[in-house]
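The values are calculated or read from the model by the stated rules, or taken from the named source; none is laboratory data. Everything numeric in this text was worked out from a predicted model, so none of it was measured. Note that each Cβ is placed from the backbone with ideal geometry, even for glycine, and that neighbours are counted across all protein chains shown.
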Amino acid sequence: MTAPEGRKLRLIVLALVAGGLVLPILAGLWETTRAAFGILPAIGAVEWSLDSWRRLFALPGFGTSLTLTLWTGFASTALALALAVGFAAVMYDRFGLKGGARLLTPFLATPHAALAIGLAFLIAPSGWIARMISPWATGWDLPPDVATVNDPLGLALIFGLLVKEVPFFLLVILAALSQLPVRRHLSAGRALGYGRGVVWIKVILPQLYPLIRLPVYVVLSFALSVVDMAIILGRSNPPVLSVAVTRWFLAADTTLILPASAAALLQSGVVIAGIAAWFGAERLCARLGRIWIRRGGRGVSAEPGLMAAGGAVLILMALGALALVSLLIWSLAWRWSFPNALPESWSLKAWMQPAGGWGMALNNTIVIGGATTLLSVALAVAWLEGEDRARLPRAGWAEALIYLPLLVPQIAFLYGLNVTFLRAGLSGGMVTVIWAQALFVFPYVMIALSDPWRALDPRLVRAAAALGAGPVRRLVAVKLPILLRPLMTAAAIGFAVSVAQYLPTLFMGSGRIATLTTEAVTLSSGSDRRVTGVYAVLQAVLPFAAYLAALALPGFLHRHRAGLQGDAG
Amino acid sequence: MRLPLLAALATGIALPALANSWDDTVAAAKGQTVYWNAWGGDERTNDFIAWASGQLEAEYGITIQQVKLTDTAEAVTRVIAEKAAGQTEGGSVDMIWINGANFLSMKQQGLLLGPFLSDLPNAKYLDLSEGSAAVVDFTIATEGYESPWRLAKFVLTYDSARVAEPPKSMAALLDWSTASPGRFTHPAVSNFMGATFLKQALIELTPDASVLQGEATDEAFETATAPLWAWYDELRPTLWREGSTFPENESILQQMLNDGEVDFAMAFDPAAAAAAVERGLLPETVRSYAPEGGSIGNISFVAIPFNAANKEGAMVVANFLLDPATQAKAQDITVLGSYSVLDPAKLDDAARAAFAALPSSPALPTNEELGRTLNEPHPSWMTRIAEEWARRYTE
């Protein structure tokens, strides 16, 4: 009875995903590819040629940009992974999974741009840390001429990425650990005389890694193609490839769009090759690791390394928190000059003019975030319900489809997608921005919702069916209420992802749609940290408020349902 | 009357100078929202545009929606993307704050509406004679495809509490920076302000500055810029971070002056420092001045893309910006502090009195301190200098 209906639902969902998510990406890639090989009629380029590639390779600083991209991308991902694993190993016994996840929320919720703006001020030679220890400890009456931000090696960018990626890895690791019998492994390993750290590396990590492989690739792809954070923290001349591509796309010399498109394609190539190289390194580590494990060394030597990783993560978190606090202080300051640890004078002026400035941006951000999240959650529920009705596990290709938008670099298809949308008569506006953002929000919602959805006790649904409830009623009256908490969490994650989107909003909104993120990034290249502070604070607070609502609402609605008070699902 | 007019506007055909065509434009503009694409890095300018929107709404029923750009080229790219998609009307960009290379690029590709300047009633306050600053943009004749709105002039800003005697020429600047390494820098040369700094140096150092008014041919470029690169090779190692990296734009440079990371900032607006003091963004001890041989100056314009959705509204906005009352408001140091583009000789007594009554500030340079205004070189020089600089100094 349910089979035909289930098939219909699945077909609808598949059509929506194919037409709404996959097609735009392919169309965007197609337009970018055409331009990369010389076809962009708008600027009179109508012949296939390799000129744009030649121009790209000849652009000053191209080689440095590419090297810098690879270095910052790989270094930050590898380091973030190592730190997160180390921290999880050290902290696993000390606090529960739930407490850990809650501690991480502020960092996950804070958009990259806001965090980067705060960190840039925190670690600058004239920044907050320098101000706190000057001149009494350092003797600096004027800031020293050292490159702590926008440094040539991209260390500040790697640092910024770490603050953002370590919490993400931790959350993923905590979720994966709940699927492993960690405690039994630990006691078995220790009974056999292995040190605690060694059990983590030799026993638990090999089982953990396959569970977090896809998120690792997502982080690697992101780190290789990040734009907003790299603008604020990265080297400026030349910048990493993704920033260079963005600049070339927007340069006064419009013929640069051709090499920019070539570079955008190359950016995808870098990500694909990067993931392939990472995959190869995984194999190598597995082979070498197996030899190492077979040798059976029991040592406790891993312990100090894990402790150091744990300590480093705590320092990262503290600096991240300090960065956010500095944004709030700036938004309330009037004059704050070096080397004062706190502003000399305070003012609410930056907050007092919502009308022309942050009011509109806040409004747009909420509307776009709300619409994008609603769409994505609805689609995700439809997808999962379709799977339920078909009683089929998810195919590999379907999983890949979900991850596709997260693995393809945004810059590679956004310009092309813009041209496609314009040709279809969808000019820059709310609709295209919401659509483009949904490409990136939907995967996260889907990832967040899948596991709790599948973990739902099937007996409840069967009982409802036995009592005569049809498929729709089973969904609305049984599944959705029980899954309210994970649904809200997925929605909060989706909302946070939407708030943080920079390139899709910039390219698809024709710059007309100002959100907190686009404004904050623009203002970060201005002279007024106080106004930037207001935008960044709002940008950080908004997703956090969504998370709080996601926690509070189910608790309130289910206040008379003791069985649903915990982490249902 | 209305329909043919709209049709003419929609196809981008130049309008005949009909007696009542302006009234028709004003009537058609009523209720429109003009998307003005303007660099958004300066809060004063953003506030001024918001103020103008309020005035226009009250008087003409038009509102301005500022599209804040980090770089003017973003708007150019957008119009190109729209043209690529065959969108010849209802475009998303109604008006652009534009200058030099961007203007040249759009004009050459036929992306601009016009000529429209002579249709604006307030154009009568401008000096429209051939070669006047109001009709020449970086040596390119504007031919009515853009309308002036503010005057810009290169100045250096320093903190008088830290620097007693600022260098008055580019040669003296090299000596000063050699004596105080790491305390001077300029914005990245890919940025307008950074390129302007190099152009200012070029005009001072080149053997024959008149060559710069023509196109930069290979040969002319080589001879004219040789002293510039020799000077810069010496200056660069003395710069902040040894010239390995540069602030993105003048706003960041101003923030660095405020933070004490460097001792100089620069601006293309003589009142920028005074206004920043007013807003608590620079210490009260900063002063601005121009190099003693004079400094580069030019006028900023607004242009309307060929496919703008709200052309009539954009024209009314352009006209409003030329109103003597608007120009006096813009020159007010507490508002925008940008100097008027109007010809003083064409103003009536009331308008002149309004300009005379504007407030002053210690950080505001006097006319003597501002000195002579030097002509912008042909845009090809800026493009080539930026390219050559990137080739020489990008690792």
Discussion item. I'm trying to understand the selection: among the residues of region B:47-91, which are polar (S, T, N, Q), facing another protein chain (nearest Cβ under 7 Å) and within 17 Å of the chain's Cα centre (by Cα)?
Written reply: B:T70
Discussion item. Just to be sure I understand, how many residues within region A:402-453 are among the charged types (D, E, K, R) and either more than 11 Å from chain B (Cβ to nearest Cβ) or touching a Leu at 6+ places or on another chain (Cβ under 8 Å) (or both)?
Written reply: 1
Worksheet item: Of all helices (runs of 4 or more DSSP H) completely enclosed by region A:197-292, which ones contain at least 1 residues that are surrounded by fewer than 17 Cβ atoms within 10 Å (Cβ to Cβ) and among the basic types (K, R)?
Response: A:205-225
Practice prompt. Kindly indicate which of B:S105, B:S92, B:S118 is closer than 24 Å to A:E31 by Cβ, assigned by TED's automatic domain parsing to the domain that holds B:D47 and modelled with pLDDT of 90 or more.
Written response: B:S92
Worksheet item: Between residues in region A:372-400 that are under 15 Å from A:L480 (Cα atoms) and residues that are among the basic types (K, R) and in a helix (DSSP H, G or I), which pairs lie under 6 Å by C-beta distance while being six or more apart or on different chains?
Response: A:G386/A:R10
Response to the item:
(1) touching an Asp or Glu at 6+ places or on another chain (Cβ under 8 Å); (2) free of Cβ contacts under 8 Å to residues at least 24 places away in the same chain; (3) of a type in the set (D, E) all hold for B:D263 apart from (2)
Worksheet item: Which residues, counting only those in region B:353-384, are within 14 Å of chain A (Cβ to nearest Cβ) and closer than 20 Å to B:V155 by Cβ?
Response: B:M382
Fill in: Odd one out for A:A514, checked against (1) within 14 Å of chain B (Cβ to nearest Cβ); (2) surrounded by 23 or more Cβ atoms within 10 Å (Cβ to Cβ); (3) closer than 21 Å to A:P443 by Cα
(3)
Worksheet entry | Residue identified as part of a helix (DSSP H, G or I), crowded, with 18+ Cβ neighbours inside 10 Å and within 13 Å of chain B (Cβ to nearest Cβ) among A:F107, A:F121 | A:F121
Practice prompt. Would you please name the residue that is surrounded by the most Cβ atoms within 10 Å (Cβ to Cβ), looking only at residues in region B:201-231 that are among the hydroxyl-bearing types (S, T, Y) and without any contact (Cβ under 8 Å) to a residue 60 or more places away in the chain?
Written response: B:T206
Practice prompt. Any chance you could count how many residues in region A:340-352 are surrounded by 13 or more Cβ atoms within 10 Å (Cβ to Cβ) and either facing chain B (nearest Cβ under 8 Å) or in contact with a His (Cβ under 9 Å, 6 or more places away or on another chain) (or both)?
Written response: 1
Worksheet, complete the sentence: Within region A:485-507, the count of residues that are within 14 Å of A:A438 (Cα to Cα) and within 11 Å of another protein chain (Cβ to nearest Cβ) comes to 0
Fill in: Test: residue in region B:104-118 that is of a type in the set (S, T, N, Q) and facing chain A (nearest Cβ under 9 Å)
yes
Worksheet, complete the sentence: Given (1) without any contact (Cβ under 8 Å) to a residue 12 or more places away in the chain; (2) aliphatic (A, V, I, L, M); (3) in contact with a helix residue (DSSP H, G or I) (Cβ under 8 Å, 6 or more places away or on another chain), B:A179 misses just (3)
Item to complete: Being modelled with pLDDT under 85, over 30 Å from B:G280 (Cβ atoms) and either touching a Phe, Trp or Tyr at 6+ places or on another chain (Cβ under 6 Å) or among the polar types (S, T, N, Q) (or both) is the filter here, so list the residues in region B:346-372 that pass it.
Response: none
Item to complete: Please specify each residue of region A:38-69 satisfying the condition of being at pLDDT 90 or above, surrounded by 19 or more Cβ atoms within 10 Å (Cβ to Cβ), farther than 12 Å from A:L266 by Cβ and out of contact with any Asp or Glu (no Cβ under 6 Å at 6 or more places or on another chain).
Response: A:L68
Worksheet entry | Every residue from region B:282-319 that is over 21 Å from the mean Cα position of the chain (by Cα), within 14 Å of another protein chain (Cβ to nearest Cβ) and either over 22 Å from B:D137 (Cα atoms) or buried (at least 24 other Cβ atoms within 10 Å of the Cβ) (or both) | B:L282, B:P283, B:E284, B:T285, B:V286, B:N307, B:A308, B:A309, B:N310
Worksheet item: Picking from A:A378, A:A361, A:A382, which residue would you name as being in contact with a Ser or Thr (Cβ under 9 Å, 6 or more places away or on another chain) and part of a helix (DSSP H, G or I)?
Response: A:A361
Discussion item. The conditions are (1) part of a helix (DSSP H, G or I); (2) over 30 Å from B:R162 (Cβ atoms), and A:L180 fails exactly one of them. Which is it?
Written reply: (1)
Worksheet, complete the sentence: Restricting attention to region A:517-560, the residues that are part of a loop (DSSP other than H, G, I, E, B) and within 14 Å of chain B (Cβ to nearest Cβ) number exactly 4
Worksheet, complete the sentence: The condition of being more than 25 Å from the chain's Cα centre (by Cα) and more than 28 Å from A:A251 (Cα to Cα) holds, among B:R241, B:R236, B:R183, only for B:R183
Practice prompt. Return the total of residues in region B:244-271 being at the interface with chain A (Cβ under 7 Å from one of its Cβ atoms) and within 18 Å of B:S361 (Cβ to Cβ).
Written response: 2
Worksheet item: Does A:R247 satisfy the condition of being within 14 Å of chain B (Cβ to nearest Cβ), in contact with a Pro (Cβ under 7 Å, 6 or more places away or on another chain) and within 29 Å of B:L253 (Cβ to Cβ)?
Response: no
Item to complete: Just give me the residues in region B:164-185 being within 12 Å of another protein chain (Cβ to nearest Cβ) and touching a strand residue (DSSP E or B) at 6+ places or on another chain (Cβ under 9 Å), in sequence order.
Response: B:R183, B:F184, B:T185
Practice prompt. Could you tell me whether region B:20-36 includes any residue that is of a type in the set (D, E, K, R) and in a loop (DSSP other than H, G, I, E, B)?
Written response: yes
Item to complete: Filter region A:124-166 for residues that are among the polar types (S, T, N, Q) and more than 11 Å from chain B (Cβ to nearest Cβ) and give the result.
Response: A:T138
